[in-house]
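To start, the structure under review is shown below, and the notes come after it.
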Amino acid sequence: MRLPLLLLILVSGLARAEQTCATPTENHQRLVFIQRNLSEDAQRARLWTGAWGAGYGVLTLGQLAAVPAVPSGDQVDLYVGALSSAGGLAALLALPLDVMTDSLTLDTLAREHPSEVDCDVLAQAERLLVRGAEGEALGRSWLMHGANVVYGLLSGLVLGLFFDRWVSGAVTAVTGILIGEAMILTQPFGAEETLRRYREGAWSAAKGPPSPTWNLQVAVAPSRVGVQLHVSF
């Protein structure tokens with residue numbers, strides 16, 4: 001019971017439903033703020049997922065391709081390394097960040113309500129924001145760091161215990177742990193930041209693109225008279 005309880009405590013602060021509702025105009029402002037920020041975070045999450053997925057794929061295929069080029073006694077190192085990289089790729093694909101799909105749902109929601117937003121629509125948008133923040137918090141939590149360390153150690157122990165290759169096992173374990181930590185530490189956390197700003201009322205300060213302004217002045221010089229038009233965007 002202790003582990004689920006600790007996990008619940010970890011995410012409960014993020015997962016609190018907002019339960020906010022105001023006028024349709026204010027609700028629309030809130031929805032636009034959430035939708036715009038989640039869309040930006042989803043783009044970063046897709047880039048992060050694609051980059052790390054490609055990296056793990058290259059590591060897996062590269063080690064398998066190098067097997068024929070090394071002595072038969074060392075080939076097991078590459079096989080275990082490839083298996084470890086494939087496991088990292090599988091974990092990345094099996095646990096995608098919710099914000100990548102939730103942002104698409106929110107984009108559709110915003111298109112269906114271009115002006116007035118009722119309380120139910122805003123509540124749905126807030127739930128998507130909370131879920132995205134919760135998923136990012138869990139992905140960067142101590143639980144994921146611990147799972148990464150355990151997985152790296154297990155990969156090294158396979159080489160040590162079953163093949164008596166302790167040096168190679170240590171190298172495999174340390175390398176795998178460092179790569180996994182780099183992936184965790186570079187994971188986007190924009191939904192968490194958006195939720196924090198939303199609760200602080202940053203949505204009310206969000207402004208649309210500035211409208212152009214102009215200023216007309218009469219310029220007088222010793223030899224000529226003219227008109228100056230200044231336009232700023």
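Structure values in brief
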read-out: Karplus (6.51, -1.76, 1.60) ³J(HN,Hα), θ = phi - 60°, over segment 85-100, in Hz, Gly and Pro reported as x; value: 5, 4, x, x, 5, 4, 5, 5, 6, 7, 10, x, 5, 4, 4, 5
read-out: Whole-Hz couplings from phi, Karplus 6.51/-1.76/1.60, listed for segment 111-122; x for Gly and Pro; value: 5, 6, 10, x, 10, 9, 10, 8, 5, 5, 5, 4
read-out: Relative contact order (percent, whole number), segment 44-157, Cα cutoff 8 Å, 6+ residue spacing; value: 27 percent
read-out: Net +/- balance of residues flanking PHE189 in space, Cβ distance below 11 Å, scoring K and R +1, D and E -1; value: -1
read-out: For segment 13-138, accessible area per residue (1.4 Å probe, heavy atoms of protein chains only), Å²; value: 51 Å²
read-out: Backbone HN-Hα couplings from phi across segment 167-180 [Karplus 6.51/-1.76/1.60, Hz, Gly and Pro as x]; value: 5, 4, x, 5, 5, 5, 5, 5, 4, x, 5, 5, 5, x
read-out: Rounded accessible area per residue of segment 159-199, 1.4 Å, Å²; value: 54 Å²
read-out: Long-range amide H partners of LEU97 with built H, under 5 Å; value: none
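The values are calculated or read from the model by the stated rules, or taken from the named source; none is laboratory data. Everything quoted here is computed from the prediction, not taken from an experiment. Cβ coordinates were reconstructed from backbone atoms using ideal geometry, including for glycine residues, and neighbour counts include every protein chain displayed. Heads up: the accessible areas ignore ligands, DNA and RNA and are worked out on the full protein's heavy atoms, side chains in. Shrake-Rupley method; radii C 1.70, N 1.55, O 1.52, S 1.80 Å.
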